[in-house]
Number of protein chains: 4
Amino acid sequence: MRGNSFGHFFVLTGFGESHGAGLGAVVDGCPAGVSLTQDHIARALRRRRPGQSVLTSARAEKDTPEILSGVLDGRTLGTPIAVLVRNRDARSQDYRPNAYRTGHADRVWEQKYGFRDYRGGGRASGRETIARVIGGAIAEQALPNTVHIVAFARQIGHITPPPPDATLTRAQVDAYPSRCPDADADAAVTEELLRLREQGDSVGGVVELRIDGVPAGLGEPVFRKTKSELASAIMSIGAVTGISLGDAFTESLLPGSSYHIPFEGAPRGTDVRSYGIQGGITSGERIVLRAAIKPVSTLGSMARQGRHDPCIVPRIIPVIESMAALVLMDLWLAARLDRL
Amino acid sequence: MRGNSFGHFFVLTGFGESHGAGLGAVVDGCPAGVSLTQDHIARALRRRRPGQSVLTSARAEKDTPEILSGVLDGRTLGTPIAVLVRNRDARSQDYRPNAYRTGHADRVWEQKYGFRDYRGGGRASGRETIARVIGGAIAEQALPNTVHIVAFARQIGHITPPPPDATLTRAQVDAYPSRCPDADADAAVTEELLRLREQGDSVGGVVELRIDGVPAGLGEPVFRKTKSELASAIMSIGAVTGISLGDAFTESLLPGSSYHIPFEGAPRGTDVRSYGIQGGITSGERIVLRAAIKPVSTLGSMARQGRHDPCIVPRIIPVIESMAALVLMDLWLAARLDRL
Amino acid sequence: MRGNSFGHFFVLTGFGESHGAGLGAVVDGCPAGVSLTQDHIARALRRRRPGQSVLTSARAEKDTPEILSGVLDGRTLGTPIAVLVRNRDARSQDYRPNAYRTGHADRVWEQKYGFRDYRGGGRASGRETIARVIGGAIAEQALPNTVHIVAFARQIGHITPPPPDATLTRAQVDAYPSRCPDADADAAVTEELLRLREQGDSVGGVVELRIDGVPAGLGEPVFRKTKSELASAIMSIGAVTGISLGDAFTESLLPGSSYHIPFEGAPRGTDVRSYGIQGGITSGERIVLRAAIKPVSTLGSMARQGRHDPCIVPRIIPVIESMAALVLMDLWLAARLDRL
Amino acid sequence: MRGNSFGHFFVLTGFGESHGAGLGAVVDGCPAGVSLTQDHIARALRRRRPGQSVLTSARAEKDTPEILSGVLDGRTLGTPIAVLVRNRDARSQDYRPNAYRTGHADRVWEQKYGFRDYRGGGRASGRETIARVIGGAIAEQALPNTVHIVAFARQIGHITPPPPDATLTRAQVDAYPSRCPDADADAAVTEELLRLREQGDSVGGVVELRIDGVPAGLGEPVFRKTKSELASAIMSIGAVTGISLGDAFTESLLPGSSYHIPFEGAPRGTDVRSYGIQGGITSGERIVLRAAIKPVSTLGSMARQGRHDPCIVPRIIPVIESMAALVLMDLWLAARLDRL
């Protein structure tokens, strides 16, 4: 199947171009009986949308979702759930058909398909993440309520806040516009981003993702390991350029005797640095991943116009959480088939 | 589908346990007319198998492949290609059914399936990579002969060789047992690994993967981007704990104005740090990825017996190359469907 | 994947309930550069919709399609094509939540999902065929223009028109409300259906499907044979209860020496009664299939109200043609991958 | 995916050519904990293999299966189950590379793939059904033991035995070489087939399939209805040319008032002529299907040599049962995901 669907059991299919009629998602495979309303999805979309703070782009989309199918009286029917978000503030006239932009997909898209949607990136625009957030919101309603997924900015440019508390919640992260869950770091990042926007520059960072309460036994032993599914899901987000279990690129250089230490309090056989995944399968312990996020590629005068964020990290956080929810939901359903 | 198949158009299905009758692979979707013999596969398997040097485990498997179907007179028929490698040196009696080993999948496997194959890891053993190498060998025969895939050890423990030449070939890498393509570094690694084995310790490292000659236009714009497919493929290898485009975890902290620089000599719109992938789609430039490899988890007396490598990096290199070949083959076939 | 998607390369995903906000389809895998407008789809939908003649139900849906994505300036972009048809004349109040209707899916649906959409059949309503017709219309735009797909009523109840000419066209069939392409039979059927409606009764029939101009070499040799894909596609339509190559249930009783006769004028090795499919693969000759259509299950007073057709055959014809187009498109794309 | 795999949750992948090293199957998605031995599979293969009676071909294959993976101590591990059957009596020299045979796939295969395996049909040979029978045998071990699948010859040429008892068992059918479960009809068929062989002629027939004890709620409402999955599965067998629910081609001509009659003793809403499938979903009542089987296409002097059956019906019966088991297993697993 072509690349607009994600998942094997809980299948999200996204559609839409940034300056077409709208964007949307169809989820097939959501079990019947899940509580779901338009408001669940609207709340999730509000967390990703532009225009939330001084740091984010001025495109004034309301991004109001309409559930077209699959839900009756606040419960999923077991049929496909289609959700539509109409484009309203689509200023196609801002875009010139012929200029290839550095760091964008214009040229390769044209090589691939013979022509391209020149209106703001078309389907290659970041607006496609609307479908991911819709899918993630539905998955989070369906997942066991033990599951908690929290992502936050671990680093933005050269600013590294102290590692947050183990008990960090999504609400605590959302309290900071930079999504650095630390008052000083948040202030420093805000100042830095205002400075970068003025200069027409940008910056990237590292996001950390923590997942708690995942049942043991999810994931497949060979190709659809929990770690590879999460890697695929998160690396499919445009700005993500790297993914690691914990801080793998540093930790992998340790001697094995320092690397492999049993998880205190956990059952025999569990390894701290497995980060909740042994042999590809969830162990029930916390999953910890990091994602590298590249600097935004819109620079110079266009960036100064203030229609683009100088740092995409804050807005990518709910997208990363959504992709994690989609993966877990898919693997959780798959695990129902493990035993007779 | 469950997790023993990889790919959507060129589909590899692996099977086999480390101490069962054998391991094998079925490739469905290989076009007809590809030159293929048992010898192509045997040569690829020799590059991954134990017992190649002082650095690798003593399990004395010949790993001789038998092509069971799909090939006639040295050419693929368009039908499934099944390949079988029998287990010969399977000392099941070495394994005790009841002990869970730290860093292994024993416990989670039992939680998942209710019971487990206690014979040397069963399907969770590294021997499953035989199927990947078989699949990769077939993919490499089918891919355009412009495509060159080379992986090498970029770092092992604290030893970092100088960055190798841009023209590095697979034969040059294979000349060094450590797969560090530098005489001094190779000697230092060899010494270090002998010391670690004596101490019952181990070490990990970082592998770099370079892919040249890939046609522009491969990969899907949203979920099956070239980078996410490669991430999924390589992260599905047991010992891999991280994956990045270039050195993403460091480079993502640069300001956008330093990060985004046009590729000299390449068509307008190409970005050096896109590493051959723009918006998920190949641009025709070199693809560069890094993978973090964790230290081997077999430690102490069992490691000293010399049946396990103190460092898995050299043997993982052909597996990473194989997974890259499988991804490229799948995306290359998919791209045949892009235009009317 | 769950059962709301059809196809492997050209993938149609349908959504929607009969009395929800609307019904629609997403097609992923349509090549870029296909001519497509809203009008192509609207014309196809007009052929299936109720209210076309005295013989069809009075539900006054306009069924106006809106293309939400995937098309720019009258050409497909290579991205998912989403199409929405809003429900307008949805009289939910006509339906009582608790009554199970004979011949309907009410009871099994409730057993399956725990509850059901009681509003007119929900997703089990015949309105789901809107998605099939949308998908078929897109597939017909993309298929080579040599391909001609024509279905017609071969028999309705006890009325059997003479076998139509080999050159029968879709326009000729559409000229008859009963879709029996013969003036006398059409008149007889019309009279019969008016009588049945008055009596609150119904009738079924047999549809013949002819497909010409299909390239040789489509279809897979084992499980995805052209004949099995067509059987799956057409048997998935609610009212279809049987499918045969030609008149297989009669012809299979012939001795082999009468059954197997070479196709005159065709290349050596072609069999008349292969009906264009040898060993599962298209030979380039005309494909001929028949489908048995059961009598409508709404009977008695409800049928007499005139909101239901006494015979579904005429309205099923474009749905059968659409499913055939989807199958051929899928197999035609697949065949691009057959050879190196 | 290409056409050598069947199923979405319980996935059978077949491989092998009639005159290559062997044929086999890999089943991925079988739950852990199913009782399975080589003997279960060997018994199933004995029911399909040639050389069972005077009526069947003389190719003296033992068809001994070897389980290569996925089973430990008589129980499935949850990993892929690979089974290999080696070809032994493969007289390739009997086949001339250049002659296209009427009713065979030689010519289209060459058109499709550019060249073909000329050795006895290659993968297009009936020997591919070995994989189906292996898969079916595993599925039958895994299905609830309430499920009973019995197929029998309902008609062979002009000989129609009386309809068998409702309680007919597989053992009762196997007692008759013709698989007509009636002593007189069996004798008449045997005589007829000996006569046909002498004349170098052949004959087809109709097989009836009865499935009892299927849980209610299996099947998907739209594209993967139980009836369409069964149609696809059974129509994918080479000799099958038609499939119907009950005797659909005759019954569909009844008026609705005669066709739709409630199932006595069954819950309200069940229809006798739904044959166990309402709106695509199983109701718990008996499923009844018929399949048209075309006459064998090997005629004349080659048929007289006695290496080919004059009638394939008896040997197709276990293949039809196997395909039914595969479909039910797939839908039974899918149904585990229906509700939260």
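How far is D:N145 from itself in the other copies, in nm, if each label sits 7 Å out from Cα along the Cα-Cβ line, shortest first?
Once sorted, the set of distances for D:N145 reads 4.0, 6.1, 6.4 nm.
One quarter of the convex hull surface, Cα atoms only: what value does that give for the protein assembly as shown in nm²?
Projected area, direction-averaged: 46.0 nm².
Taking 7 Å along the Cα-to-C-beta vector as the label spot, tell me the B:M302-C:Q38 distance in nanometres, rounded to one decimal.
6.6 nm
Considering only the label points, 7 Å along Cα→Cβ from Cα, what distances in nm to one decimal separate D:S301 from the same position in each other copy, shortest first?
7.5, 7.6, 8.7
Between A:R339 and residues 5 or more places away or on another chain, which pairs have amide H atoms under 5 Å apart, with H built 1.01 Å from N, and which residues are they?
Placed amide hydrogens put D:A32 under 5 Å from A:R339.
Is there a pair in A:K227/C:K112; C:K227/D:K227; C:K225/D:K227; A:K225/B:K225; A:K225/D:K225 whose C-alpha atoms are over 24 Å apart, and which pairs would that be? Intermediate results must be reported in sequence, preceding the final value.
Working: A:K227/C:K112 33 Å; C:K227/D:K227 15 Å; C:K225/D:K227 17 Å; A:K225/B:K225 19 Å; A:K225/D:K225 31 Å.
Exceeds cut-off: A:K227/C:K112; A:K225/D:K225.
What value does the stretch D:116-157 have for Rg/Rh, both radii from Cα atoms and Rh as Kirkwood defines it?
Working: Rg = 15.3 Å, Rh = 13.2 Å.
Dividing the radius of gyration by the Kirkwood radius yields 1.16.
To the nearest 20 Debye, how big is the dipole of chain C about its Cα centre, given +1 on the beta carbon of each Lys and Arg and -1 on that of each Asp and Glu? Please list the in-between numbers first.
Details: 40 positive and 36 negative charges, 192 e Å.
For chain C, the charge dipole is close to 920 debye.
Kindly provide log₁₀ I(q)/I(0) values, in the same order as q = 0.07 Å⁻¹, from the Debye equation applied to equal alpha-carbon scatterers of chain B.
-0.30
Ranked from highest to lowest mean number of other Cβ atoms within 10 Å per residue, what is the order of the peptides D:32-42, B:114-124? Before the final figure, lay out the partial values.
On the way: D:32-42: 17.7, B:114-124: 22.4.
Averaged packing, sorted descending, gives the order B:114-124, D:32-42.
Please calculate the 1.4 Å probe accessible area of D:W332, with all protein chains present, and give it to the nearest 10 Å².
D:W332 has an accessible surface of roughly 50 Å² with all protein chains in place.
Over the alpha-carbon set of the stretch D:254-340, divide Rg by the Kirkwood Rh and report the Rg/Rh ratio to two decimals.
A ratio of 1.17.
Could you go through the stretch C:162-167 in sequence order and give the Karplus-derived ³J(HN,Hα) for each residue, using 6.51 cos²θ - 1.76 cosθ + 1.60 with θ = phi - 60°, rounded to whole Hz, and x for Gly and Pro?
Along the stretch C:162-167, the couplings run x, x, x, 4, 5, 9 Hz.
Can you tell me the dipole magnitude for the stretch C:146-340 around its Cα centre, using point charges on the Cβ only (Lys, Arg +1; Asp, Glu -1), in Debye to the nearest 20? All intermediate terms of the calculation are to be shown ahead of the outcome.
Values: 19 positive and 22 negative charges, 106 e Å.
Result for the stretch C:146-340 is approximately 500 debye, rounded to the nearest 20.
Nearest to the axis that maps chain C onto chain B: list the chain C residue whose Cβ wins, with the distance in whole angstrom.
C:R336, 2
Calculate, for the protein assembly as shown, the solvent-accessible area per residue in square angstrom, rolling a 1.4 angstrom probe over the heavy atoms of the protein chains.
Numbers: 41950 Å² over 1360 residues.
For the protein assembly as shown, the per-residue accessible area is 31 Å².
Compute log10 of I(q)/I(0) for the stretch D:146-340 with the Debye formula, placing one identical point scatterer on every Cα and leaving out solvent, at q = 0.08, 0.10, 0.16, 0.19 Å⁻¹, to two decimals.
So the normalised log intensities work out to -0.29, -0.45, -1.02, -1.31.
Report the D-C buried area as the accessible area lost on both sides summed, probe 1.4 Å, in Å² to the nearest 100.
Looking at D and C, the buried total is near 7600 Å².
Local charge sum around D:I149 (other residues, Cβ-Cβ under 9 Å, Lys/Arg +1, Asp/Glu -1)?
-1
Give me the inter-chain shielding for B:202-215: mean count of other chain Cβ atoms within 10 Å, whole number please. Present the calculation step by step, with values, prior to reporting the outcome.
Values: counts 6, 7, 8, 2, 4, 0, 0, 0, 0, 0, 0, 0, 0, 2.
Mean inter-chain Cβ contacts per residue within 10 Å come to 2.
Express the carbon and sulfur contribution to the solvent-accessible surface of the stretch D:146-340 as a percent, rounded to the nearest whole number, probe 1.4 angstrom.
54 percent
Answer rounded, prolate or oblate for the stretch A:114-246, using the Cα gyration tensor with square roots of eigenvalues a ≥ b ≥ c: rounded when a/c is under 1.5, else prolate when a/b is larger than b/c, else oblate.
In terms of gyration-tensor shape, oblate.
Considering only C-alpha atoms, what is the centroid distance from the stretch A:189-248 to the stretch D:227-265, in Å?
With the stretch A:189-248 and the stretch D:227-265 each reduced to a Cα centre, they are spaced 52 Å.
Picking from B:S257, B:L193, B:A105, whose Cα lies most toward the positive end of the charge dipole for chain B (charges on Cβ: Lys, Arg +1; Asp, Glu -1)?
Sorting the options by dipole projection puts first B:A105.
Run the quick spin-label model on D:E66 and D:Q172: label points 7 Å from Cα toward the beta carbon, then report their separation in nm to one decimal.
About 4.1 nm, to one decimal.
Compute the orientation-averaged projected area for the stretch D:151-193 from the convex hull of its Cα atoms and round it to one decimal in nm². The partial results should precede the final answer.
Numbers: hull surface 10.8 nm².
Hull-based average projected area comes out at 2.7 nm².
Can you list the copy-to-copy distances for A:G213, using a point 7 angstrom from Cα toward Cβ, in nanometres, shortest first?
Here A:G213 shows inter-copy label distances of 4.2, 5.2, 5.9 nm.
Per-residue ellipticity at 222 nm for the protein assembly as shown, helices alone: DSSP H runs ≥ 4 residues times -39500 (n - 2.57), over residue total, nearest 500 deg cm²/dmol?
Only helices count here, giving -8500 deg cm²/dmol.
The values are calculated or read from the model by the stated rules, or taken from the named source; none is laboratory data. Worth saying up front: this structure is predicted, and the values here are computed from it rather than measured. For neighbour counting, all protein chains shown are included, and Cβ atoms are generated from backbone atoms with ideal geometry for every residue, glycine included. Areas reflect the complete protein model, heavy atoms only, side chains present, ligands, DNA and RNA absent. Shrake-Rupley method; radii C 1.70, N 1.55, O 1.52, S 1.80 Å.
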